[in-house]
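The values are calculated or read from the model by the stated rules, or taken from the named source; none is laboratory data. This one's a predicted model, so the numbers in the text were calculated from it and none came from an experiment. FYI the Cβ positions are ideal-geometry reconstructions off the backbone, even for glycines, and counts take in every protein chain you see.
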Amino acid sequence: MRDRPTLRAATRGRVLFGGDYNPEQWPEETWHDDVRLMKDAGVNSVTLGVFSWSMLEPEPGERNFGWLDRLMDLMHTNGVGVVLATPTSAPPPWLGRLHPDTLPRDENGNVEWWGGRQHFSHSSATYRRYAAAITEDLAARYAGHPALTMWHINNEYCTVDHGDEAAAAFRRWLRAKYGTLDALNEAWGTAFWSQGYDSWDGILPARRPHYLRNPTQLLDFRRFTSDMLLECYTAERDIVTRHTPHIPVTTNFMPLFFGQDAWRWAEEEDVVSVDLYPDPRDPLGPQHGALIQDLTRSQARGPWMLMEQAAGPVNWRGVNHPKPRGLNRLWSLQAVARGADAVCYFQWRQSRQGAEKFHSGMVSHAGEEGRTFQEVKQLGADLAAISPKVADRRVTADIAILHDWHAWWAGSQDGRPSTHVDHAAVLHAWHRALWEAHLPTDFAHPEHDLTAYRLVVVPQLYLLTDTAIDRLRAYVDGGGTLVSGFLTGVADEHDRVRAGGMDARLRELFGIRVLHEWWPLEPGESVDCDGFRGTLWSEEIEPDRETVTETIPYRGGELDGLPAVLRRGRAWYVSTLPEPDALRALLTRVAAEAGARPVLDGLPARVEAVRRGDLLFLLNHSREPVTVDVPGTHRDLLTGATVTDTVALGRYGAAVLEP
Ligand code: GLA
């Protein structure tokens with residue numbers, strides 16, 4: 001086992017600043033202009049080679065490294081470190097043409113052709129062989145290059161494959177998991193609808209059936225897909241680390257991406273990195289950003305890397321809004337506040353051709369005079385100013401929000417009580433309540449050790465393993481406070497509904513005697529509760545009057561008088577989704593009782609406060625200037641000014657206060 005290098009091996013105590021650099025799209029004269037502008041903006045890191053496979057290997061087995069040699073040298077000469085990518089997310093057209101077995105198939109069996117990107121089958125032996133070969137040669141060639149600071153494997157792993165080679169791999173995966181067909185039939189509940197398997201060869205990946213799929217088959221297929229992509233990653237990782245054990249390795253996650261068990265993946269990375277694109281028009285954009293940043297920091301268990309963001313508009317929403325003046329800087333500082341040691345972009349120079357030519361770059365089509373680049377320069381100076389201070393400071397939280405991909409996958413099947421219950425939206429709603437209350441949050445997996453937290457919040461974990469349930473009970477028995485939302489603890493790891501509709505140990509924990517029925521609500525419908533309105537969902541619960549210590553009842557309607565919220569000591573259960581103000585009020589109260597404190601009291605609306613060590617980041621997410629009370633004397637690292645008792649923040653303004 002190698003000693004894992006950390007992000008610090010690449011940052012050397014600075015905040016990395018830069019982005020994906022795709023110079024192969026430009027004539028070499030432009031490279032020199034790029035370097036001039038990078039220096040001007042304080043760029044100290046670029047990611048090269050993400051989509052360069054056809055440049056590096058124009059024909060099968062041929063190698064064309066000359067252009068990359070020149071770039072690596074150019075970057076090094078100019079003090080810019082290189083995060084070098086393996087190019088395996090965009091195979092060259094010849095691979096698909098000569099080896100159609102490398103192409104993935106959708107659930108209908110249709111081929112996903114070349115002409116875009118990510119057209120590879122994770123299970124294809126041919127793809128894996130070619131990917132390993134180019135990775136091997138790349139790693140051997142640049143292992144000793146002084147510009148190399150980090151490896152970036154592939155890009156946003158996400159392909160799903162239903163083809164024949166994937167089917168064979170799925171069967172192998174299932175054999176390893178279940179051992180016997182009897183065990184598989186039992187776990188999948190194949191007695192339902194005559195699905196009993198008499199042969200492994202009869203098992204398919206989750207191809208499209210006539211009507212609803214077997215949900216456990218689908219759950220296992222999602223687990224398998226995540227595992228197969230992870231195998232592709234670890235195969236390339238193992239090649240590069242053989243050449244450069246001291247260089248950290250990452251692969252970039254999409255934010256809260258459905259298809260990857262990111263807890264599991266993060267264990268295999270030296271550096272956890274994420275791509276983050278909140279919508280500039282979305283009033284909750286900064287909360288989405290905070291959620292992804294909290295989640296990524298928790299997966300990294302420390303400093304993490306913002307691998308990609310947009311300096312301006314993206315090109316993949318229906319309407320793609322630019323970032324108003326100041327917003328790029330503000331959201332970048334937000335990432336640093338929440339633990340990022342790298343602020344990077346897709347991409348350095350906006351393309352003039354190709355599918356993403358209307359996606360912004362750090363140097364936009366408007367060029368160096370353009371507002372985008374001018375703001376990038378400003379940000380580069382800001383990051384340089386705070387860099388020496390942030391590197392050794394960590395973000396800490398007393399509250400953990402639990403999230404698990406397996407629960408998300410299992411809960412997202414067809415044929416469920418309400419298709420309007422969206423796991424990610426529920427997670428956002430609960431995080432929002434805590435974010436708006438300025439209560440710092442980590443994320444954790446339900447089987448993690450939770451004892452360090454004062455409060456554990458479960459927005460929704462439809463599936464919980466026995467181990468996780470025991471953890472939650474032990475956590476409360478040990479003095480922790482737990483708040484759980486609805487549709488939690490319903491199913492076991494095979495998506496079998498637990499007796500009573502919710503695990504008996506959890507019902508006991510929350511003081512639920514009988515869970516009679518779920519009463520999902522229509523979109524826009526609400527249900528009155530004492531003091532607030534519930535949305536999305538409600539439940540017909542008979543509390544255990546012997547043990548419950550507090551209830552907040554439903555008012556009116558079919559559930560009149562039954563508990564919407566019930567509590568047994570330090571364990572709370574919320575059987576609806578309270579409106580945002582109500583959920584915030586409830587969690588603020590529970591957090592206070594548990595001893596979890598907000599970062600600051602009395603903040604103006606839309607001002608976010610985050611502590612990274614003893615640095616206080618204040619972020620104004622509005623266009624209105626505000627004044628924030630900050631008792632005492634501080635130094636603002638962004639301006640160098642001394643601040644006493646109050647600090648003024650302009651539109652989208654920020655301060656980084658050192659005591
Ligand atoms: C992702 C990808 C990039 C690019 C951007 C566009 O982050 O990794 O290659 O496509 O999206 O937003």
Return the residues of the stretch 543-561 that are within 14 Å of ILE512 (Cα to Cα), of a type outside the set (Val, Ile, Thr) and within 37 Å of the chain's Cα centre (by Cα); say none if nothing qualifies. PRO543, GLU550, PRO553
What are the pairs with Cβ atoms under 8 angstrom where one residue, in the stretch 197-211, is among the charged types (D, E, K, R) and the other, located anywhere, is part of a loop (DSSP other than H, G, I, E, B) and surrounded by 11 or more Cβ atoms within 10 Å (Cβ to Cβ)? Sequence gap at least six, or different chains. ARG207/GLU107; ARG207/GLY109; ARG207/HIS162; ARG208/GLU107
Given the conditions (1) surrounded by 24 or more Cβ atoms within 10 Å (Cβ to Cβ); (2) within 15 Å of the ligand (Cβ to nearest atom); (3) under 24 Å from ALA266 (Cα atoms), which single one is not true for ALA340? (2)
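Which residues, counting only those in the stretch 27-55, are in a loop (DSSP other than H, G, I, E, B), crowded, with 16+ Cβ neighbours inside 10 Å and away from the ligand (no atom under 16 Å from the Cβ)?
GLY42, VAL43, ASN44 - these are the residues of the stretch 27-55 that are in a loop (DSSP other than H, G, I, E, B), crowded, with 16+ Cβ neighbours inside 10 Å and away from the ligand (no atom under 16 Å from the Cβ).
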Flagged pairs (Cβ under 6 angstrom, 6 or more apart or on separate chains; first in the stretch 555-578, over 22 Å from ARG505 (Cβ atoms); second of a type in the set (S, T, N, Q) and part of a strand (DSSP E or B)) are LEU577/THR535
Check every one of the strands (runs of 3 or more DSSP E) wholly within the stretch 501-586 and list those with 1 or more residues that are under 28 Å from ASP470 (Cα atoms) and modelled with pLDDT of 95 or more. 512-518, 539-543, 550-553, 563-568, 571-574
Limited to the stretch 366-399, what total is found for residues that are within 16 Å of the ligand (Cβ to nearest atom) and part of a loop (DSSP other than H, G, I, E, B)? 0
Of the residues GLY66, GLY79, which single one is without any contact (Cβ under 8 Å) to a residue 12 or more places away in the chain and of a type outside the set (Lys, Arg)? GLY66
Can you spot a residue in the stretch 347-360 that is away from the ligand (no atom under 12 Å from the Cβ), under 25 Å from PRO283 (Cα atoms) and modelled with pLDDT of 95 or more? no
Quick check, is GLU539 surrounded by fewer than 24 Cβ atoms within 10 Å (Cβ to Cβ) and in contact with a strand residue (DSSP E or B) (Cβ under 9 Å, 6 or more places away or on another chain)? no
Only one residue in ALA140, ALA166, ALA133, ALA183 is under 17 Å from MET55 (Cα atoms) and more than 16 Å from the ligand (Cβ to nearest atom). Which one? ALA133
Return the residues of the stretch 317-328 that are hydrophobic (A, V, I, L, M, F, W, C) and either in a helix (DSSP H, G or I) or near the ligand (Cβ under 10 Å from one of its atoms) (or both); say none if nothing qualifies. LEU327
Residue within the stretch 405-419 that is without any contact (Cβ under 8 Å) to a residue 24 or more places away in the chain and outside the structural domain of LYS39 (by TED's automatic domain parsing) present: yes
With the requirement that a residue be touching a residue at least 12 places away in the same chain (Cβ under 8 Å), part of a helix (DSSP H, G or I), among the aliphatic types (A, V, I, L, M) and under 16 Å from LEU583 (Cα atoms), what does the stretch 421-453 give you? VAL426, LEU427, ALA429, ALA433, LEU434
Filter the stretch 64-79 for residues that are in a loop (DSSP other than H, G, I, E, B), surrounded by 14 or more Cβ atoms within 10 Å (Cβ to Cβ) and either not hydrophobic (A, V, I, L, M, F, W, C) or not assigned by TED's automatic domain parsing to the domain that holds GLY361 (or both) and give the result. ASN78
Where the second residue is of a type in the set (A, V, I, L, M) and more than 16 Å from the ligand (Cβ to nearest atom) and the first is part of a loop (DSSP other than H, G, I, E, B) and lies in the stretch 144-158, which pairs have Cβ atoms under 6 Å and are six or more apart or on separate chains? HIS145/MET72; ALA147/MET72; ALA147/MET75; ALA147/VAL82
Of the residues in the stretch 381-395 that are in contact with an Asp or Glu (Cβ under 8 Å, 6 or more places away or on another chain) and surrounded by fewer than 23 Cβ atoms within 10 Å (Cβ to Cβ), the one that is modelled with the lowest pLDDT is ALA391
Given VAL656, VAL630, which one is crowded, with 18+ Cβ neighbours inside 10 Å, in contact with a Lys or Arg (Cβ under 9 Å, 6 or more places away or on another chain) and assigned to a strand (DSSP E or B)? VAL656
